[in-house]
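The values are calculated or read from the model by the stated rules, or taken from the named source; none is laboratory data. Here the structure is a predicted model, which means the values were calculated and not measured. Neighbour counts run over all protein chains shown; Cβ positions are idealised from the backbone, glycine included. Only protein heavy atoms, including side chains, enter the accessible area calculation; ligands, DNA and RNA are left aside. Shrake-Rupley method; radii C 1.70, N 1.55, O 1.52, S 1.80 Å.
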Amino acid sequence: MACLLETPIRMSVLSEVTASSRHYVDRLFDPDPQKVLQGVIDMKNAVIGNNKQKANLIVLGAVPRLLYLLQQEPSSTELKTECAVVLGSLAMGTENNVKSLLDCHIIPALLQGLLSSDLKFIEACLRCLRTIFTSPVTPEELLYTDATVIPHLMALLSRSRYTQEYICQIFSHCCKGPDHQTILFNHGAVQNIAHLLTSPSYKVRMQALKCFSVLAFENPQVSMTLVNVLVDGELLPQIFVKMLQRDKPIEMQLTSAKCLTYMCRAGAIRTDDNCIILKTLPCLVRMCSKERLLEERVEGAETLAYLIEPDVELQRIASITDHLIAMLADYFKYPSSVSAITDIKRLDHDLKHAHELRQAAFKLYASLGANDEDIRKKIIETENMMDRIVTGLSESSVKVRLAAVRCLHSLSRSVQQLRTSFQDHAVWKPLMKVLQNAPDEILVVASSMLCNLLLEFSPSKEPILESGAVELLCGLTQSENPALRVNGIWALMNMAFQAEQKIKADILRSLSTEQLFRLLSDSDLNVLMKTLGLLRNLLSTRPHIDKIMSTHGKQIMQAVTLILEGEHNIEVKEQTLCILANIADGTTAKELIMTNDDILQKIKYYMGHSHVKLQLAAMFCISNLIWNEEEGSQERQDKLRDMGIVDILHKLSQSPDSNLCDKAKTALQQYLA
């Protein structure tokens, strides 16, 4: 019997939940328009701040009816406006509410409402659209589906301060990437929004400012336009500078600093301009102080990291402003056990978002230490810094791990630190762990850093080799991501530099000749160049050259021939000729060149090439082949003389290039000795 009772119990619970809400929906279907209007007004009052009531009304089908009333010609403007207000209130509930509204095609209905002549109704539609478009579940593309919408919104900007506020907010949330920027720019966003920066309404000024920050981000066209815009006789950058003064609200200071930062990074404002050095940079450093709220500190640090990233002078100025390097150390101690936060909600929020502070600090440290050795030293000497980075490498948040790896990569550009701090903290261990299983964005930075740890002066090189790095790196060379292929082959190239025969053999065995030749025909130029660099490092020191060529000679000579015959640039051909010069330096390996007339003809051709770099590289091949002190030199000299090489050497000995001239004379002496 218990089973039989289960269904009625469920139904009674559901009816209890919805019974109190049903009469609101029923009144929407009353034949008397006045009663319908009163029903909508009562519904509006019932749902304010009541998420449970909102969910019930959506379940009971209120949304399709409200949208029907909103779009019906006979409906009074007052009724339509109240319907838009209720829909806006429902949208302010949970993300599921917004999804339900989207499923009922609310956006086309509200956009249609904007064609009305009644301002109050337009404002209600815009307010609801603003709430829906600012929800993370709403696709931005829905704003751009109908090409008439953006120009119509631009025209509505002049109607009231509310239309200005809501439309700017919609634009700033729906402008994601260059395509959206171009659409808004082409429809006059800059001209239509610029004058709003002097609006008497703070909310309008703020939303206009946010619009400019998203329009200018990584967009030279918009940024170059903004620099020359005049508002009430004042240039836009001057207005932005006024808005980031200390007496302005923090939100305004931060957003103005972002606008100037993005314009600077897009090349519209010079990095040595006073508005950057004396205004924007100090403002962003102020945002990093512990007096600021968590989100302000995060945004301040991340924007500053972006501003100074490519410019060493800005990095130096930032590093000595307000003890920034020490200030950032506080980002890792937050919230402290004796936190000044008395608001429990704020404390709970900050505990959940403390990882964002760590991510922002790592990003800013990475930018600060990108170029200057002294700054790197200061960062590393900051309390427990290396331990914090190592801990960051194993955090659960992918964003924190990525920022920690970037920070480490930036610091690994220092020879001094590679030899000291990186070794003291055995940084290579957690790095190898990160490389085992990580998303591509982390792998790219981590493998790039591994390239630095494998340089010949790095003490980490030996333990990294012992921990199975060869297989891992060979695996990366097979990635579909070109950046990972480059880093994998680059790290192997560094590993092979002045390495023992055993390491070189391990690399060749793990990589396989098939993969090596796939890389030599890779469409990515960087991959090809680094693969040639690897080959050049493998084929160094005579015993190694002879050993490798005895087992892989045929394939290597084939690859060299293909590259020299292919449509490649000067640098690629130069590297390839240098590989041939290394082969020519072997004891037995040089016979692979001497018995290959095709290769000899190619060397001869490049000796007479118009580019000096290629002539020099070809000269190295010849010098190594004819060197007197080596066995069989006489036969090689005779064969090359018969090919006309000596005549070319005589010509080159008259070359205006002193380097080429000297090399030709030295080679000729081998014939005279």
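A compact table of results
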| read-out | value |
| --- | --- |
| All helices (runs of 4 or more DSSP H) inside segment 96-156 with 3 or more residues being more than 17 Å from Leu67 (Cβ to Cβ) | 119-133, 149-156 |
| Some residue of segment 533-552 being of a type outside the set (Ser, Thr, Tyr) and either touching a residue at least 60 places away in the same chain (Cβ under 8 Å) or outside any helix (DSSP H, G or I) (or both) | yes |
| Filter pass, Glu95 being modelled with pLDDT under 95, out of contact with any Lys or Arg (no Cβ under 7 Å at 6 or more places or on another chain), at negative phi and not basic (Lys, Arg) | yes |
| Looking only at segment 648-670, and only at residues there that are touching a Leu at 6+ places or on another chain (Cβ under 9 Å) and in a loop (DSSP other than H, G, I, E, B), the one that is most open to solvent (accessible area, probe 1.4 Å) | Asp657 |
| Flag if Glu291 is of a type in the set (D, E, K, R) and either on the phi > 0 side of the Ramachandran plot or within 21 Å of the chain's Cα centre (by Cα) (or both) | no |
| Residue pairs meeting the criteria (Cβ under 9 Å; at least 6 apart or on separate chains; first closer than 14 Å to Gln669 by Cα, in segment 636-651; second outside any helix (DSSP H, G or I) and polar (S, T, N, Q)) | Gln637/Asn628 |
| Residue among Ile107, Ile170 that alone is without any contact (Cβ under 8 Å) to a residue 40 or more places away in the chain and either crowded, with 16+ Cβ neighbours inside 10 Å or under 21 Å from Ala55 (Cβ atoms) (or both) | Ile107 |
| Positions within segment 81-103 being touching a residue at least 24 places away in the same chain (Cβ under 8 Å) and open to solvent by 50 Å² or more (accessible area, probe 1.4 Å), in sequence order | Met92, Thr94, Glu95, Asn96, Lys99 |
| Residue ID - farthest from the chain's Cα centre (by Cα), chosen from residues in segment 495-504 that are open to solvent by 20 Å² or more (accessible area, probe 1.4 Å) and in contact (Cβ under 8 Å) with a residue 40 or more places away in the chain | Gln501 |
| Any hit, segment 592-615, residues being under 42 Å from the mean Cα position of the chain (by Cα) and hydroxyl-bearing (Ser, Thr, Tyr) | yes |
| Sole residue being open to solvent by 40 Å² or more (accessible area, probe 1.4 Å), of a type in the set (Val, Ile, Thr) and free of Cβ contacts under 8 Å to residues at least 12 places away in the same chain, chosen from Thr595, Thr587 | Thr595 |
| Matching entry among Leu411, Leu450 (being under 21 Å from Ser510 (Cα atoms), in contact (Cβ under 8 Å) with a residue 40 or more places away in the chain and either buried (at least 21 other Cβ atoms within 10 Å of the Cβ) or in contact with a strand residue (DSSP E or B) (Cβ under 8 Å, 6 or more places away or on another chain) (or both)) | Leu450 |
| Contacts under 9 angstrom Cβ, first residue in segment 188-205 being over 18 Å from Met224 (Cα atoms) and among the aromatic types (Phe, Trp, Tyr), partner open to solvent by 20 Å² or more (accessible area, probe 1.4 Å) and part of a loop (DSSP other than H, G, I, E, B), 6 or more apart | Tyr202/Pro249 |
| Verdict on Thr138 being more than 16 Å from Ser21 (Cβ to Cβ), surrounded by 15 or more Cβ atoms within 10 Å (Cβ to Cβ) and of a type in the set (Ser, Thr, Tyr) | yes |
| Top-ranked residue in segment 611-636 [being polar (S, T, N, Q) and either open to solvent by less than 20 Å² (accessible area, probe 1.4 Å) or in a helix (DSSP H, G or I) (or both); ranked as modelled with the lowest pLDDT] | Ser633 |
| Helices (runs of 4 or more DSSP H) fully within segment 307-412 counting 2 or more residues that are at pLDDT 90 or above and aromatic (Phe, Trp, Tyr) | 344-368 |
| Any hit, segment 72-83, residues being in contact with a Lys or Arg (Cβ under 7 Å, 6 or more places away or on another chain), within 23 Å of Ile48 (Cα to Cα), in a helix (DSSP H, G or I) and polar (S, T, N, Q) | yes |
| Filtered residue count, segment 179-190, keeping only those that are farther than 20 Å from Leu260 by Cβ, open to solvent by 30 Å² or more (accessible area, probe 1.4 Å), of a type outside the set (Val, Ile, Thr) and in a helix (DSSP H, G or I) | 2 |
| Val434 being touching a residue at least 40 places away in the same chain (Cβ under 8 Å), open to solvent by 20 Å² or more (accessible area, probe 1.4 Å) and within 21 Å of the chain's Cα centre (by Cα) | no |
| Residue in segment 143-159 that is within 23 Å of Gln191 (Cβ to Cβ), within 28 Å of the chain's Cα centre (by Cα) and open to solvent by 40 Å² or more (accessible area, probe 1.4 Å) present | no |
| The lone exception for Asn371 - which of (1) open to solvent by less than 60 Å² (accessible area, probe 1.4 Å); (2) more than 16 Å from Arg297 (Cα to Cα) it fails | (1) |
| Lone qualifier among Ile375, Ile325, Ile320 - being without any contact (Cβ under 8 Å) to a residue 12 or more places away in the chain and under 27 Å from Ile269 (Cβ atoms) | Ile320 |
| Any hit, segment 542-558, residues being open to solvent by less than 30 Å² (accessible area, probe 1.4 Å), among the hydroxyl-bearing types (Ser, Thr, Tyr) and farther than 18 Å from Ile464 by Cβ | no |
| Every pair of residues 6+ apart whose Cβ atoms lie under 7 Å, when the first sits in segment 43-70 and is among the acidic types (Asp, Glu) while the second is open to solvent by 50 Å² or more (accessible area, probe 1.4 Å) and modelled with pLDDT under 95 | none |
| Count of segment 157-172 residues which are part of a loop (DSSP other than H, G, I, E, B) and of a type in the set (S, T, N, Q) | 2 |
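Each row is one residue, and each column tells you yes or no for (1) out of contact with any Leu (no Cβ under 8 Å at 6 or more places or on another chain); (2) of a type in the set (Phe, Trp, Tyr); (3) surrounded by fewer than 22 Cβ atoms within 10 Å (Cβ to Cβ).
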position	(1), (2), (3)
His195	yes, no, yes
Thr198	yes, no, yes
Tyr202	yes, yes, yes
Gln221	yes, no, yes
Val229	no, no, yes
Glu234	yes, no, yes
Arg246	yes, no, yes
